[in-house]
Structures are given as structure tokens and as C-alpha cells.
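Asks: One structure, pasted below without further comment.
Every number in this text was worked out from the coordinates using simple rules, so none of it is lab data. This is a predicted model, so every value here is computed, not measured. Backbone-built Cβ (ideal geometry, glycine too); neighbour counts: all protein chains shown.
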Amino acid sequence: MPYIQLSDKQYPLKVGETTVGTAGADIAVAGPATLGIEARLETGSDQSVIIRRGSNAAEVRVNGVQLGNDPTPLIHGDKIEIGGVELLFGDDRKAGQTQALAGLKVDDVYQPRTSGSTKTSAATGGRLVSLVDGREYIVSPTGTSIGRDAGCDVVVPSPEVSRKHAELMAGPSGYTVTDLSTNGIFVNGERVARVRTLARGDVLRLGTEEFRFYADVVPAAAAAPAIAPAPAAASAAASEGSTPTATPAPAGTAAQGSSTDTRPVLATLELMNEGPLKGKRFEIRAPLTHVGRGAHNDIVLSDDTVSDSHAKLQKREGGWYLVDMGSSNGTYAGGQRISGEAMLHGQSSIRFGAVRATFTPTKEARDDASGTRVIAGLKAEQARQVSRDIASQVETAEPQGGIPAWVWIFVVVLVAAGAFFILKVR
């Protein structure tokens, strides 16, 4: 049965809604009463649980990651932070059986083994991204434990995983992973011999679960000359990097966020990853926008977890759609990996590999999707000119052959209506 643990007390989650907050909540946490209901837990008949914010102003974190507008499914071992108070989500069905751990002598003297990758990382910004469900885990400066036990920072509920399987730590040369298990932890398919230094993009496997490791880029040497790279070299360098950046569009193509583009903004895409580029916004001005690591995309995200042609955002008659282009690390909407495509309902939390973003359609785009139409090729000035021409014809109309003037007026109006209909169809 799923439950929430607060300090030493467990709260079983029954089918239906369970509220968490400071006042009038099913599970009360310390804090000002004005906060009210901060989070809502919804338990299904199959014992699955999702969490959503209690209000737009509520600040809720799951495994250190800020919860957005969309609900997020919870899995055994998730850490929930509300108002500075940490709660643990557990599921009795996932607790598993106790396994013996391989002994690790703390007085062993060893030299951490490097991964052999050229994509070295700094000892900051560490995080793990699950290649199974896209869940993201922040690596704490004091270390992050991985294992089957619900008390671990990253919980993998598998019988092949030890209760405390491995530990990630930041050190002088970057992040290291220490194996504490019986069955071992593998980095890029190679079993770790006690300790290994990690590089950006490394894939960690324990049991049947895989995680991609990500961290900040090592700063360039201060003595390096500040010479701007050639366009071709800049594109190549961007494809090797891991920090999401905006890259100019190919020659002859206006960039989505270009200030010289006079097309109306249909939507915005704001990056949510921690780091110097958090909050970077892309303006989407075309109804079909490609996203990926390659320079040919409209929005270029230079990150190891983003495929060359990763996904596309497409505006159709019914609204906006997120389409996966067969990416390696997946495309996610609302915390769920999509298969093919998914419709986006208003502001949405989406992810390309490990790059998190918030997609927001403009009000005009939402109105257009709900039924408002614009007549192509008929500008306001053209409409005014048609009105003036009609008025002029009416004023100069003269009776001929004894036909009354009102008949000529009727004919002119009928012709004008037909012309307007033709323009509307075109």
C-alpha cells in the first residue's frame, strides 16, 4: 500500500485524494497557516499515485526538482519537499527483500579510475536522469545514495539492487561513484572497481535501471585567447557541449527568437534546467518548429541527451502537438514519455532528453485554436478599400432605361458580397 512518511509517522494513502499543507490538510506540515493546501495526492484504484500543486503559488519539489503545472507520478522512494519540510513517498509492494552487501574497507587506499571520456565535468550541477521514465535527481553536495531502501536518495525497487547500492560524491576532480553492492554498478557497460570518476554523459546501470549522469562544464582556461569561432566551428562545438544554448539558424533562415522577425509570436519555450541559462526563452513564430541538437533545427539545444533531430512542435487546427522524432532519450510531456505525439493543453511542462522546458502558447494562438479565423490575404486596409469602392459606386449610380436606382444599389451590394465571399474562400 502506498504511504507518505513524515518524520517517524506513516500516513497510508487510500484511493482518492489526500491533501498536504499547513491548514485543513489531511497531512499537516509545519508552516504559516496562510499557506493552506500545498499539494494534492491522487491515488488510483491500481494504487498508483500522482502529485500536483495545491495552487499556482505553491512551491513543491520532487527529488529536488520544482513541480510544474502538470501532475507527476510518484514512485517508491521519492522525496517531496513542501515549505522546507521533507516527506518520503513509499510503497510496501516495492520494498523488496534484504540482500547482503559486499564489504568495502574504509581504510582501502585507491586511485579513482577515470571514465576515459573527454567530456570532463566540474564538481557542480550534478544530476541523474532516468533513461526509463525521465525522472531527474539532483546530486547533493554532501553525496547522493542509490539503492533499494526507501531511505536512499535515489530508490531503485529491484531485487537485483542492494539496499544501499552505490553513492555519488563531488570531489576535487569532479564526481565519483562508489560501488557498495553485491551485484555491482556499471558505467558505460563496464563494471566499476570500487570507485570511478564520472564524465558528463556517462550511463550508469544498476539492476535493470539506467541513468545518465550530467554536470556543469569545466570552465575554459583563463589564458585562452578570446577569439570568436567561425560559424562552422561554432556549430561543431555546440554539438559537443552539454549546456542548452540558443544557436543561430542556418544561413538564409530567420531564427525563431530573432528581433528582425516580424511574424507574430505563437508560443514561447523557456528552459528550466539549473545553471546560467535557466530561464532562456525561445520565441516560436512558425506553426512547425523543429527542436534538436543539430544546427539545422529551429531551436538548437546543445546537450548530450538531445538527439540531432529530437522533436517538433506543431500547431494544428485543434491546438499544439509535441511530436517525438525517434529520439534516443525520449520526449516527455507532463512527466510522461510520449510515443509518437501528444497534444499540449495550455502551458505545459515538457522535456527533451534531460532538458526541461515550459511551453506556453500565446493568447492569440489559443483563440485561433478555439475557433477564431483570419481571412488569408485580406488585410484591414484592403477591407477598408473595398468599402470605399462600394460607397463610391452607390453614390455615382444613375438610373438607366427607367430602371429604379434602388435596383442598381441592390446589384452593386450583391456583386460586392460575391467578391468578399471569393476573397474569403481564397
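Asks: Assuming 0.36 nm per residue, please report the length gained on full extension of the stretch ALA419 to HIS345 beyond their Cα-Cα distance. Before the final figure, lay out each step's value.
Replies: Working: separation 74, 0.36 × 74 = 26.64 nm, distance 3.81 nm.
So the extension gain works out to 22.8 nm.
Asks: On to the next question. Along the Cα→Cβ direction, 7 angstrom out, place labels at ARG61 and THR182. What is the inter-label distance in nm?
Replies: Between ARG61 and THR182, the simple spin-label model gives 3.5 nm.
Asks: At a 10 angstrom cut-off on C-beta neighbours, averaged per residue, how do the peptides 348-354, 36-42 rank from highest to lowest?
Replies: The peptides rank, most packed first, as 348-354, 36-42.
Asks: Can you compute the FRET efficiency between LYS363 and LYS278 using 1/(1 + (r/R0)^6), with r the Cβ-Cβ distance and R0 = 22 Å? Round to the nearest 0.05. Spell out each step's value before the answer.
Replies: On the way: r = 25 Å, r/R0 = 1.14.
The formula returns an efficiency of 0.30 here.
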